[in-house]
Amino acid sequence: MAEKDELAESLNDLFTSVSTMIKSELQGTNNHLELLEKMNLKVAEEYKGFGDVASGLRVFVEQLKSKSGSFDQYVHQIDAIEQQVTDFEAVISMLDNHVSLLESKVQSLYQHPPTSSNN
C-alpha cells in the first residue's frame with residue numbers, strides 16, 4: 001500500500017506541477033494580451049489625434065482657398081493698374097521728348113532772333 005500511496009503522491013505532484021506550469025503559461029499569455037490591448041488603445045488614441053489634426057488641416061486649407069479666391073480680384077486690379085502706369089510712363093516719355101524739343105527751339109530763337117523784313 002505504501003507503494004500505491006507513493007505512486008499516488010508522485011502522480012499528484014506531477015499533476016500539480018503540470019497544472020502550475022499551465023497556469024503560468026496561461027498567465028504569461030494573458031499578460032501579453034493585456035499588453036497588446038493597452039498598446040492598441042494607445043495607438044488608437046494617437047490615430048484619433050491624427051484624425052483631428054487632419055480634419056483641422058482640411059478646414060484650414062479650405063479657408064486658405066477661400067481667401068486666395070478673394071485675392072484674385074485684387075491681383076487683377078493690380079495688373080490693370082500696372083498696365084496703366086506703364087502706359088502713363090510711355091506718354092510721359094513722349095511728352096518729355098516733346099518738351100525738350102520745344103525748349104531747344106525756344107533757346108534757338110533767343111540765340112538767333114528772327115530778323116525783321118520791314119526795314
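The values are calculated or read from the model by the stated rules, or taken from the named source; none is laboratory data. Predicted model, so just to flag it, every value in this text is computed and none were measured. Cβ placement follows ideal geometry from the backbone for every residue including glycine, while neighbour counts extend to all protein chains displayed. Heads up: the accessible areas ignore ligands, DNA and RNA and are worked out on the full protein's heavy atoms, side chains in. Shrake-Rupley method; radii C 1.70, N 1.55, O 1.52, S 1.80 Å.
Which of the residues that make up the stretch 70-119 are among the aliphatic types (A, V, I, L, M) and open to solvent by 90 Å² or more (accessible area, probe 1.4 Å)?
Residues satisfying the conditions are Ile78, Ile81, Ile92, Met94, Leu95, Leu101, Leu109.
Got a sec? Which of Lys23, Lys48, Lys38 is of a type in the set (Lys, Arg), within 34 Å of the chain's Cα centre (by Cα), open to solvent by 90 Å² or more (accessible area, probe 1.4 Å) and at pLDDT 85 or above?
None of the others qualify; the one that does is Lys38.
When you look at Ser66, is it under 32 Å from the mean Cα position of the chain (by Cα) and either assigned to a helix (DSSP H, G or I) or surrounded by 10 or more Cβ atoms within 10 Å (Cβ to Cβ) (or both), yes or no?
Spelling it out, Ser66 is indeed under 32 Å from the mean Cα position of the chain (by Cα) and either assigned to a helix (DSSP H, G or I) or surrounded by 10 or more Cβ atoms within 10 Å (Cβ to Cβ) (or both).
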